[in-house]
Amino acid sequence: MARQKGIIKLKGTIGDITFYKTQDGHLAREKGGIDASRIASDPAFQRTRENGSEFGRAGKAGKLLRTAFRPLLLNSADSRMVSRLTQRMVKVIQADQVSERGLRNVIDGEAELLFGFEFNIRGKLGTSLFAPFVGTIDRVAGEIKVDLASFIPANMIAAPSGTTHFKIISGGAEVDFEAETFVVTTSETAILPWDGAATAVISQTNAVTANSTKPLFLALGLEFYQEINGQMYPLKNGAFNPLSIAMVDSGV
C-alpha cells in the first residue's frame, strides 16, 4: 500500500488503484488478488479456507465477549480494541489440541489466554491500579467477585492529569460461545474522591448462573472524573479509563 500525499485526498477506485482512508491516514493500493470462487474450491487453497474459517470464528467469539461487557466498554475501549481482541481469540482457538485444523474453536481452546487482555491500550489496569485486589470465581454459587482492602487513592491509583474523582467498576460474565449467548452482571462504586483519604473496603459480587459449565470472566476497571462547579464529568470522555480481564475460568 502507498500513503497519499498532497492537499486533495481521494476515495474510491480509479483504474486499478483503490484510494481509502484509515486510522493511519489516506492510503492507496493496487487492485488484485485471487478470484473468490477459486479460493472457495481450489484444493491449493485448503489452508487458506481453514485459516479463514478459524479467523471468522475468532471474530464472532470476540464480538460476543465485547457484547457481554458492553455496559463497561462504553467508557473503556480504544479504537483498535476489536482487532486486538480478535487476534487474541485466534490464539485461543489455535490452542485447541482436539479439533482438526479449520474446526478448532474457543471451547476446546485455551480461554485462559484472554487473562490480562486490556480493552483500552491507552489506559492499562496494571499501570493504573496498584491497590491489591482479590478476584474470586465461585462456579457452584454462580458468583464472580472482586475485593479490595482499604487504600489511599492518591497513592494507589495512577490517575491522568485533571482527575479529581474515580470509581471502580467490575463485571462478571458467563459466555456460551457455542450458543452465542451470555449472562452478565456489572457493579460499580460511588464516585469517590481521588485524594489522600483512605477508602472503605470495596467488595463487588456479580451473579451468573449457578453451576454453569460455560467459560466465566471477571473484568475490572476504573473510570476517572473531573469535578467542575460541583458537577462530575468523565475525564476526557473516558479516553484513559482502564478495563482488563482480571480472571478467567474456562469451564468444565
Please list 100-110, 238-248, 57-67 highest first by mean number of surrounding beta-carbon atoms within 10 Å per residue.
238-248, 57-67, 100-110
If you take the charge dipole of segment 98-222 about its Cα centre, with +1 on Lys and Arg Cβ and -1 on Asp and Glu Cβ, which of Ile137, Phe151, Leu220 is farthest toward its positive end?
Phe151
Enter the accessible area per residue of segment 105-242 (Å², integer; probe 1.4 Å; all protein chains in place).
45 Å²
Keeping the other protein chains in place, figure out the carbon and sulfur percent of the accessible area of segment 96-148, with a 1.4 Å probe.
55 percent
Hey, what do the phi angles of segment 69-81 turn into as Karplus ³J(HN,Hα) couplings, whole Hz, using 6.51/-1.76/1.60 and θ = phi - 60°, x for Gly and Pro?
9, 3, x, 8, 6, 4, 10, 8, 7, 9, 5, 9, 4
Tell me which residues come under 5 Å, amide H to amide H, from Thr164 once H is placed; ignore anything under 5 positions away on its chain.
Tyr225, Gln226, Glu227
Could you put Ser150, Ser187 in order of accessible surface area, largest first, with the 1.4 Å probe and the full protein assembly present?
Ser150, Ser187
Find how many whole Å separate the alpha carbon centroid of segment 167-184 from the alpha carbon centroid of segment 84-141.
13 Å
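The values are calculated or read from the model by the stated rules, or taken from the named source; none is laboratory data. Because the structure is a prediction, the values reported are computed rather than measured. Heads up, the Cβs are rebuilt from the backbone with ideal geometry, glycines too, and the neighbour counts pull from every protein chain shown. Only protein heavy atoms, including side chains, enter the accessible area calculation; ligands, DNA and RNA are left aside. Shrake-Rupley method; radii C 1.70, N 1.55, O 1.52, S 1.80 Å.
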